[in-house]
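Down below is the structure, laid out as structure tokens.
No lab work stands behind these numbers, since they all come straight from the coordinates. The shown structure was predicted, so the numbers you read here are calculated from the model rather than taken from an experiment.
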Amino acid sequence: MKFILTILICSQVGGTCLDPYRVAEKFDDGYDCMVEGYKMSLEKTKEIGREDVNKHNIYIKFGCYAEKVYEKGKLTSYQFHIQP
């Protein structure tokens, strides 16, 4: 089963979030997905910068979701794990 990483960037000040970003790479397990989620969240925080993060109270959430598995048009398994 492969895992899909989705990242969400939000502003507490504006009470809004950008549309979720789905990472193209699929991961072999939840662990690898979560590690990459933390890495990408840190990189994006640094890219946004201290001033804007503090000004808009930016926060980043991500989730690692098990890919839906179909067999002959029938859903056979679906699990997900969310990391706030």
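Fully extended, how many nm does the chain gain between residue 55 and residue 11 (0.36 nm per residue separation, minus their Cα-Cα distance)?
Gain on stretching residue 55 to residue 11: 14.9 nm.
Express in nm, to one decimal, how much length is gained between residue 67 and residue 44 on full extension, taking 0.36 nm for each residue of separation and deducting their alpha carbon distance.
5.8 nm
Residue by residue through segment 14-29, which ³J(HN,Hα) values in whole Hz follow from phi under the Karplus form 6.51 cos²θ - 1.76 cosθ + 1.60 (θ = phi - 60°), with glycine and proline marked x?
x, x, 10, 10, 6, 4, x, 9, 9, 6, 5, 5, 9, 10, 6, 8
Which ³J(HN,Hα) values, rounded to whole Hz and listed in residue order, are derived for segment 57-66 from phi using the Karplus coefficients 6.51, -1.76 and 1.60 in 6.51 cos²θ - 1.76 cosθ + 1.60 with θ = phi - 60°, glycine and proline given as x?
So the Karplus estimates, Gly and Pro as x, are 6, 6, 9, 10, 10, 8, x, 10, 10, 5 Hz.
Karplus couplings for segment 36-45 from phi (6.51 cos²θ - 1.76 cosθ + 1.60, θ = phi - 60°), rounded to Hz, Gly and Pro as x?
5, x, 5, 4, 5, 5, 5, 4, 5, 4
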